[in-house]
1. Mind listing just one residue for me: the one in region C:217-250 that is crowded, with 21+ Cβ neighbours inside 10 Å and among the aromatic types (Phe, Trp, Tyr) and, of those, farthest from residue C:158 (Cα to Cα)?
2. Test each condition in (1) more than 7 Å from chain B (Cβ to nearest Cβ); (2) surrounded by 20 or more Cβ atoms within 10 Å (Cβ to Cβ) for residue C:43 and report the one that comes out false.
3. Test of understanding: among B:174, B:154, which residue is open to solvent by 50 Å² or more (accessible area, probe 1.4 Å) and over 30 Å from residue B:104 (Cα atoms)?
4. Within region B:247-257, is even one residue under 27 Å from residue B:170 (Cβ atoms) and in a loop (DSSP other than H, G, I, E, B)?
5. Checking the structure you have, find out if any residue of region C:242-254 is within 11 Å of chain B (Cβ to nearest Cβ), under 19 Å from the mean Cα position of the chain (by Cα), assigned to a helix (DSSP H, G or I) and free of Cβ contacts under 8 Å to residues at least 40 places away in the same chain.
6. Any chance you could count how many residues in region A:45-65 are facing another protein chain (nearest Cβ under 10 Å) and either open to solvent by 10 Å² or more (accessible area, probe 1.4 Å) or not β-branched (Val, Ile, Thr) (or both)?
7. Considering every residue within region C:81-91, establish whether at least one is touching a residue at least 40 places away in the same chain (Cβ under 8 Å) and not in a helix (DSSP H, G or I).
8. Scan region B:222-231 and tell me whether some residue there is at pLDDT below 85 and in contact with a Gly (Cβ under 6 Å, 6 or more places away or on another chain).
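The values are calculated or read from the model by the stated rules, or taken from the named source; none is laboratory data. Please read these numbers as outputs of a predicted model, since none were measured by experiment. Neighbour counts are summed over all protein chains in view; Cβ atoms, including those assigned to glycine, are modelled from backbone coordinates with ideal geometry. Accessible surface areas use protein heavy atoms only, side chains included; no ligands, DNA or RNA. Shrake-Rupley method; radii C 1.70, N 1.55, O 1.52, S 1.80 Å.
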Amino acid sequence: MIEVESITKRYGSLVAIKDVSFSVEKGEIVGFLGPNGAGKTTTLKIITCYMPPTEGTVKVDGIDCLENSLEVRKRLGYLPESVPLYREMTVKRFLKFAAESKGVNGKKKEKEIDRVMDTCGLSEVKNRIIGHLSKGYRQRVGIAQALINDPPILIFDEPTIGLDPSQIIEIRQLIKDLGEEKTIILSSHILPEVSQVCQKVIIINRGKVIATETPANLTSQLQKTTRIILRVKSDSEPVDSIIEKLKGIPGVMNITREHQEDSLVIETDQTKDLRPVISRTVVENNWDLLEIKLHDFSLEDIFLELVTKEEEAA
Amino acid sequence: MEGKKKIFHSRTVKHGSSSVLKTVIFAAILVFVILIVQNHPWRVDLTESKDFTLTDQTRNILKSIKIPVTIKAFYQEATRDKIKAQDLLDTYKYYCPKLKIEFIDPDRHPEIAKQYDVKSYGTVVVETAGKKQTITVLNEENLTNALMKLIQNKKKVIYFVTGHGEPSINDFDKNGYSMVRRELEKENYKVKTLDLLHTASIPKDASVVVINGPRKALLKPEIDTLRKYVDSGGKLVVMLDPFHDGGLKKFLKDYGIGIRNDIVIDKLSRVFGGSYLMPVITKYSTHKITQNFNVATFFPESRSLTKVEKTRPEIKVMLIALTSSGAWAETDIKTLKEKNTASFDPNQDQRGPVCLVMMSEISPPNKEKEQKGKNGKTEKKSTGNDDASKKKGELVAFGDSDFANNTYFGLSGNGDFFLNVINYLAQEENLITIQRPTKKGQPLVLTSLQSRLVFLIPIVLVPLLVIFCGLVVFRVRRKQK
Amino acid sequence: MTGFKPVYRKELYSFFASPTFYVVALIFLVIAGYFYFSAVSYYSILSFQGMQNPMWARQLNPTEMVLRPFFMDISVIMLLICPLLTMRVLAEEKKNNTSELLFTYPLTDSGVLLGKFFATLSVLFIIILGTLPSLVYFGTLTTIHWPIVAAGYLGLFLLGAAFVSLGILASSLTENQIIAAVLAFGALLLFWVIGWSKAFAGPQLAGFVSYISIINHFENFAKGVIDIRDVVYYVVFATFFLFLTLRFLESQRWRG
């Protein structure tokens, strides 16, 4: 469905992405992962024909983005980063513009607008001015305009950024539902989001693709250790001796002190959950337990991991 | 790595250069379109009286202009008259792109104004290849006629009659007329001599015939030739010195101009540096010849001219130049010659002001004396000499011929005065007549209600409507928040 | 040319929804109204004086005394308000990143640009038409030859097209609306005053300079003459600057 072949984009002397290649099959939901400035947005802008690549080709449905961009654009629904919208318009008027722009006219136009408003839950705000809507609603308007004319491919650039948790869940669910019929590319810098929704993850850093994996593989690759964050306090014992005692627990591999005095990161064997053992130890030593939790792997961690691996390999 | 860099360059460079190329081609096409249109102008005049459309006559003349013509218009900046002139000249320029139009503010460029002898705002000088025409009242008729005269290639011919001891136009001595010849040629005339004995009639190309101070009398056939010439619309200048009437006394009398055997004595002349025998003229009667002319002229040894009361009805006599009232025409020549004194004798001598220059107009004998009112086509044809019989004959008589000779031509206004006379006589009547519908004025007198509405509609009502619309939109949108 | 219609309609909506339009229209119409009022008043004062002087009275003509100066005055006010209308056209899209939306819809650049151009021009012309009621009323007071009025409005429309095209180009160069307005105003003023340099430009250049001058071509319309050369000047002017804008948009996307 989408074939990206060694594309490179330079802004003057700055290389935004370099030799990026990947392909997306029909019906896949692909996560596009990378930290800020990694080149995710640039790649997506190139796929959506907003800008041409300095090198390489992008084909959507077998059509070259550079040669026949109108045909490509007809097949795409795009939600740009930070959700730019015409804020002076009402929701309905804006969707009307989107529909007309995508060549939906006549009676079909009204139907299509109603359909996407239904899908995105916008019906009750349809006559309100976009600029006055909440962030969550605006996000939905952004998605709704991408859905108009039912394009087979959807591209969402950071669709959940800046939303509150309940909104994030709603949007993720919406994307998941959409994924049943459509090919979706989704960029994010949050791993769980990607792992929940996507079937494939493309990781990009400093303009280069460093991994293309399924989420399961990624997790298994990376999570050979489990991290537990522990916050304890003791009036009698210094932290160093606490660390010594904890290291005695079988399965604990390493303990480091976080920036907070009493916050400890305990790396353990992946195979078992050591939290019960640790908490018992704390109680036995009469320390005050403030917090104990499993640490989610953040993207930064994965990057550290992957980048280090890559550098080692080089 | 190097190779890839080249590809990157090639795609951007290709796009950049194709973009530049497209722009250049596009600009070239646009320039091409402009050039085509500039060379094939076309326009619609939507004004009611077609103010910006020239008549067919003018357009035909403009079509025949093949050489570059410059029109210099002397106007003050930012005046109503200038705008009007600009409109008219722009219209000419539309029909004839060859015209070059320059507006010159005579206050800012006095040197150019002086060079073209511009005496009033609104003077327009039409110029081409060393020839020029000046008009003081700019309108379509005058400008078109000026253009027409310019593009006619013929030089006008001024004939000087010879054979009776007249000062020669080829004589460079102090009594000669070579200066006259030189100045006339500068004014774009051809100057020829004419021996009346050897021609049965005045040549057809003659614009003006001049008899300058004959010493011997003209013979009867010669006078008959002249008479025929003047009666059929010829222009004649007769200059007679005292004591030499050239046998023309009767001839002049027939045209309403009387001469006597006298000499004009002017005491005022001393004040201007002349002598008693050199009358000075400082004031001129109103006539086209002396329009805008106010320089003193001196007539050394001049005779008086008088108006003959009883003349043929078609003859109209005008006095052009008169001395002051302190001068008189002395008839007692003997005393003057012997004792070199003279005194005014009220019984014999004519009291001043004494007329020194006179003009007689001879209307054509047939009733159809006006040339105007004919349609364009015949007018075009009639520009030749064929209809000379319908022209007004004109005769200007001077009581002196020395004033224009090599000695006196440069004195004060003498030369200019003589040239004015020749220019006047040689000028054609306007070759064509253009009648534009005169616009009726449309005064607007407002009642107080009307003048209030003139204020209210644009400054209150319409803006209120805008504010109202704005408020409606604002209210609707507030509901949509 | 796909994109003309939706963009045209969207732009109109945005114009009419924004307070800028009403403020600009209000200022324009009040100033134009004042010029109209003073022209008519002057005319009526002269008519009053003309009653004593028949020679003078013959010169009184509503076309020469009111219509022509009025159209010239409007062209000056247009110079002032046009940048205010055009400044947002592309700069705002860039500032709010909505250009990313607009240019990923299946619309051609030229369609989008023309939609914006004609929408702005329509808005401008609607504002200008706000002066029509005064002229209609003037027509009831005296006799106006209406074809001249039509020529005047046609001239204003074409002049407006030229102004708007240059304004849109200025708007495509920056994402700051103030800068876009200042740039447009500066460029327009330059095209306006360049004709004045005719006096000291060489004879070769003088013709070119007076051809380039944007206002020289308007005078014919104001006096009731439609000259194909003036029409072509404005059409070419607008086309050229729209074409340049198109190239700028394209190269901006290439540069990212």
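1. C:241
2. (1)
3. Details: B:154 fails: over 30 Å from residue B:104 (Cα atoms).
Within the list B:174, B:154, the selection yields B:174.
4. yes
5. So far as region C:242-254 goes, yes, one or more of its residues are within 11 Å of chain B (Cβ to nearest Cβ), under 19 Å from the mean Cα position of the chain (by Cα), assigned to a helix (DSSP H, G or I) and free of Cβ contacts under 8 Å to residues at least 40 places away in the same chain.
6. 8
7. Scanning region C:81-91, I find at least one residue that is touching a residue at least 40 places away in the same chain (Cβ under 8 Å) and not in a helix (DSSP H, G or I), so the answer is yes.
8. No, region B:222-231 contains no residue that is at pLDDT below 85 and in contact with a Gly (Cβ under 6 Å, 6 or more places away or on another chain).
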